[in-house]
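The values are calculated or read from the model by the stated rules, or taken from the named source; none is laboratory data. Not measured: the values here are computed from a predicted model. FYI the Cβ positions are ideal-geometry reconstructions off the backbone, even for glycines, and counts take in every protein chain you see.
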Amino acid sequence: MSQKDTLVHLFAGGCGGTVGAILTCPLEVVKTRLQSSSVTFYVSQVTLSSVNGASLARVAPPGPLHCLRLILEREGPRSLFRGLGPNLVGVAPSRAIYFAAYSSTKEQLNTLLEPDSTQVHMLSAGLAGFTAITATNPIWLIKTRLQLDARHRDERRLNALDCVRRVYRSDGVRGFYRGMSASYAGISETVVHFVIYEGIKRHLQERRAKGGALGDEDEAVKDASDFLGMMLAAATSKTCATSIAYPHEVIRTRLREEGSRYRSFFQTLLAVPREEGYRALYRGLTTHLVRQIPNTAIMMATYELVVYLLHQ
């Protein structure tokens, strides 16, 4: 792949990730709160001092709307955009690295394996996910810590610089890589997503080719239909992949909590069901799907659109 093509995919991936992150940030905050072990958003009318960690399993967790209402009442609307700064700082390079690595790897593997086969898509998505996770994990840890900072309106909010200092002071450089093992486990979600996405995309392209030549007057409609198809393909593939691999999201959030008693991927995987039941591994799934489906559709459509426009 030429240098120009690499830059196009870098830029398109960054644009797609940025647009999706801004539009779906409030849902990201709600999802992260639901995934955490914090007692603040599990109890609304109970005195917090009367509830300890051991009793959390007996307290019914709130739904997304209840959590959203608590955030608005206690912290104000601005809290729905907590962590947006690190998200914007990280999403562009993360998505840019991901899409560039995915495209470059696929280009190379197509010369070694059957072109555009399932194996090529799986290996490309896996390597791209590993590369992006390793490069950007510290940014996502800071984002998660900020989203979990549930201070009231009149309290001083934790900012990104304060968070960096606290992480370094408590855990050193290693602290910035907490949760990375869960992110690596989440590569399976990315692999499933891209395999399904590429399959649907190829099917749509084959249908278009079989449709025969269209008149010039239908060209604009045809292009709009193509991008709508890509959005639907991305939404469908992401829904399937997320439903399969969701527990790694909960484990990653727990590992990134400040002062967390969760120390490793497997220790957390065993501890959460034992203390809170197996349903806790899927806490926040509804919110995650509501956020992830439009976010992925917007991101992938923006990516494909930018690549298309830059290649004109």
Which one of these does PRO115 not meet: (1) outside any helix (DSSP H, G or I); (2) touching an Asp or Glu at 6+ places or on another chain (Cβ under 9 Å); (3) of a type outside the set (Val, Ile, Thr)?
(2)
Subset of the stretch 80-103 [over 29 Å from PRO64 (Cβ atoms) and surrounded by fewer than 18 Cβ atoms within 10 Å (Cβ to Cβ)]:
PRO93
Given (1) touching a Gly at 6+ places or on another chain (Cβ under 7 Å); (2) touching a residue at least 40 places away in the same chain (Cβ under 8 Å), where does TYR168 come up short, assuming only one miss?
(2)
Could you say which residue among THR268, THR302 is part of a helix (DSSP H, G or I) and either among the basic types (Lys, Arg) or modelled with pLDDT of 90 or more (or both)?
THR268
May I ask you to verify whether ALA135 is buried (at least 19 other Cβ atoms within 10 Å of the Cβ), hydrophobic (A, V, I, L, M, F, W, C) and assigned to a helix (DSSP H, G or I)?
no
Within the stretch 139-159, work out how many residues are in a helix (DSSP H, G or I) and either among the basic types (Lys, Arg) or farther than 23 Å from CYS15 by Cβ (or both).
6
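For every residue, the table says whether it meets (1) touching a Lys or Arg at 6+ places or on another chain (Cβ under 6 Å); (2) more than 30 Å from TYR303 (Cα to Cα); (3) modelled with pLDDT under 60; (4) part of a loop (DSSP other than H, G, I, E, B).
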| position | (1), (2), (3), (4) |
| --- | --- |
| MET1 | no, no, yes, yes |
| THR6 | no, no, no, no |
| GLY17 | yes, no, no, no |
| ILE22 | no, no, no, no |
| PRO26 | no, no, no, no |
| VAL30 | no, no, no, no |
| VAL46 | no, yes, yes, yes |
| GLU73 | no, yes, no, no |
Filter the stretch 236-253 for residues that are over 13 Å from the mean Cα position of the chain (by Cα), surrounded by 22 or more Cβ atoms within 10 Å (Cβ to Cβ) and polar (S, T, N, Q) and give the result.
SER237
